[in-house]
1. Pop a pseudo-label 7 angstrom from the Cα along the beta-carbon direction at both B:ARG67 and B:ILE329 and give the gap in nm to one decimal.
2. To the nearest 0.05, what FRET efficiency results for A:ARG183 and A:GLN116 with a Förster distance of 22 Å applied to their C-beta separation?
3. Suppose we compare each residue of the range A:81-110 in its chain alone and in the full protein complex with a 1.4 Å probe; which ones drop by at least 40 Å² of accessible area?
4. Around A:LYS131, with a cut-off of 11 angstrom between Cβ atoms, what is the net charge of the other residues, counting Lys and Arg +1 and Asp and Glu -1?
5. On a straight-distance basis, which aspartates and glutamates could pair with A:LYS190 in a cross-link, Cα separation under 14 angstrom, same-chain partners fewer than 8 positions away excluded?
6. Extension gain B:ILE392-B:LEU201, at 0.36 nm per residue separation less the Cα-Cα distance, in nm?
7. Rounded to the nearest 100 Å², what is the buried accessible area between B and A, both sides summed, probe 1.4 Å?
8. Give the value in nm², to one decimal: projected area of the alpha carbon convex hull of chain A, averaged over all directions.
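The values are calculated or read from the model by the stated rules, or taken from the named source; none is laboratory data. Predicted model, so just to flag it, every value in this text is computed and none were measured. Cβ atoms come from the backbone with ideal geometry, glycine included; neighbour counts cover every protein chain shown. Remember, those area values only see protein heavy atoms, side chains included, never the ligands or the DNA or RNA. Shrake-Rupley method; radii C 1.70, N 1.55, O 1.52, S 1.80 Å.
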Amino acid sequence: MSLFKLENVDYYYDNHVKVLDNINYEFEPSKVYAITGKSGSGKTTLLSLMSGLDKPKSGKIIYNDNDISKIDEDKYRSHHVGVVFQSFNLLPHLTAIENVVLSMDIANLKVGNKKQVALSLLNEVGLDEEKANRRILKLSGGEQQRVAIARALSFQPEVILADEPTGNLDMHNEKQITEIFRRLAHEKNKCVIIVTHSNSVAASADVVYDLEKAKENLA
Amino acid sequence: MYVFKNALKSITRTKSRNILIALIVVVLAASCCVALSIKNSATNLIQSYEDSYEVEAWLGLNRQEMRFDMNQNKTQGNEELGNPQDFMKNIAELDVSSIKTYGDSEYVKSYYYTIQTNLNGSGIEKVSMEDSNVKYMTGGIGKNGESKNVGDFSVVGYSSLDAMTNFVNGTYKITTGEMFDPVSNDNNCVISEELAEQNELSIGDKITLVNPNKEEKTYEFIITGIYSDNSESSEFSMFSNAANQILTSYNALNAVVENSSQEEESTLMIQTDARFKLVSTDVIEAFSKELTEKGLSSYYTVSTNLDSLESTLKPIQNLSTFATTFLIIVLAIGGAILVIINMINIRERKYEIGVLRSIGMKKHMVLGQFVIETFMVTLSGIIIGAVIGSTITVPVANKMLESEITSMEEETNEVNSNFGFSAKSVNMTPGANEATPGRGKNDIKEVFGGENVSYVDKLNAIIDVKTIVELILIGVLLTIISSSVSMVFISRYSPLKILSSRT
């Protein structure tokens, strides 16, 4: 049974050039999905629609049988989908732990010691305590990406959306991050949806949706 | 709660930005604190002066209007008002019974009156007028127009001690003996040191006064006290030197006047004066209206000593106006600066807003965090500014007041010099005269403030509860003004737009 579903999703910008045309995808828990395509094929736009940051011009995005355009978009992002942005989108004046704790606070998560929970999440993605207490700008790109993943996991969402999560990373880090996503899907039953143009990341996914092919099929 | 925590973290970790804002608020708050405490203290001082000020009203004959009406009457051949003597008679006489009627009013706290007449002496010589270079008349016109003799001594009868203003303000002082009982019917009196010396009179001596219109009518008075005149230059009337004044009770002098009235030829010319202490400055108009309703002739005008109060408070009022204007300007400029700084600030923090919104923080929570930050920085600035302001308020206020008084005194001296008066040449007695057709030497000095106007020259400008509440309100106002930019920005832009514009 699908957890996440795109039904006839269309999207175009103000110049009316269609970016997404009649997209129909389904996503299930415990799987890693890769959405691929060339630059400009609409990968990031699709992720923005799925994370509720934007709305499709037509069609529906269904999460747990609910049309996400009908539910509170802030609550949807803070409670149900964890988003890992390409440029991480972390707050530089806070430490890694504080970024994760803030996300828990926004989700109004009731856990005993939020700092401890945040630290264990950061440990899971490969950051030790010393690095967890550093401010964001004192971490490398790969480390920042791990913080972003930990933050996305902080409120225990069912869906993880990741936009080019390895786009700014070297091969070594790419491999490690990909492994984290696989673990999340296979061990923690998350539905992980990765937007990527990396063949190796796509190869590690359980299901690949190619936006180019979708366009060709439609043509 | 997390919003508050986050706001605190944001303040402590972006120090330079917040210190800049706090510094501006400190300057603003210190300026506002000085202006507010000056304004409030001045208002309180003015109020307390007005509350404690004894407003005195007196009745004066408007001779200019009378003359005008008499001339009109003559020119138009209108016989209704008759000849000048009849015309004078038609004007209700200001006698003690009318004064008592006027004084019986809800607007009057207390009142007193004096009568004054002129008598000759028997066995006593008047003090020579030559020394004081005052020429005086030896005769006069009676109320009915007939020629009258004017006595050598001005005898004044007082209804109460309050009426003896020269003793109250210290111009006269009893040096030997004591004051007579003002409500007594006994023929007791006090005389000046000069008169006593000239005639070798002392306490307990009897003096005999003679009706100037009929020498057979004499009146004996016992001296109970001798006073010194401490005024710089002697007070004088058209008829006598101040040294030739004999002061007694109203009852005693009234008995003399009544006795003299038994025969028309011996009737004395008397002048009655009354002072009404009003309950407040607000009732002057109502009191004046009431007097007209009680039958006071329209030729009488009600004058008050309010000019003196206004002169005293003028520097303070000017200071208060200046403080208010300064406060408005500071707030306008300060508010504008804060809005501009916040606009720059928001542009710098656009990314932060985008991130917070993209991870699901609600608009009002983001706004709440920004408002809390602004308020905390503003409040710290206001507290520091208030401390600085409170230490500089008193010296600043008194310096400004001093400069205001100096400027007013310079203005007054310039006006006096235009009239050819030296600053100290004439002893001013504000409001002592009845209404006259034009303003005299003393009046000019009174209008522009003479040497006797004692300005309020110290302002105890302290930060009271009212000032603190107003400062906090200003802080809230500044927070709202400066947060308005954040409000507009946060409500207008979507997180996607903010983040995509950055990348």
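1. Between B:ARG67 and B:ILE329, the label points sit 4.8 nm apart.
2. On the way: r = 21 Å, r/R0 = 0.95.
Rounded to the nearest 0.05, the efficiency is 0.55.
3. For the range A:81-110, once contacts with the other chains are taken into account, A:ASN89, A:LEU91, A:HIS93, A:GLU98, A:LEU102, A:ASP105, A:ILE106 lose 40 Å² or more.
4. Details: positive: A:ARG134, A:ARG135, A:LYS138, A:ARG146; negative: A:ASP128, A:GLU129, A:GLU130, A:GLU143.
Result for the neighbourhood of A:LYS131: 0.
5. Cross-link targets: A:GLU28, A:GLU158, A:GLU179, A:ASP206.
6. Values: separation 191, 0.36 × 191 = 68.76 nm, distance 6.08 nm.
Here the segment from B:ILE392 to B:LEU201 would lengthen by 62.7 nm.
7. Numbers: alone 26340 and 10690 Å², together 35000 Å².
Roughly 2000 Å² of accessible surface disappears when B and A pair.
8. Values: hull surface 48.3 nm².
Reported value for the Cα convex hull: 12.1 nm².
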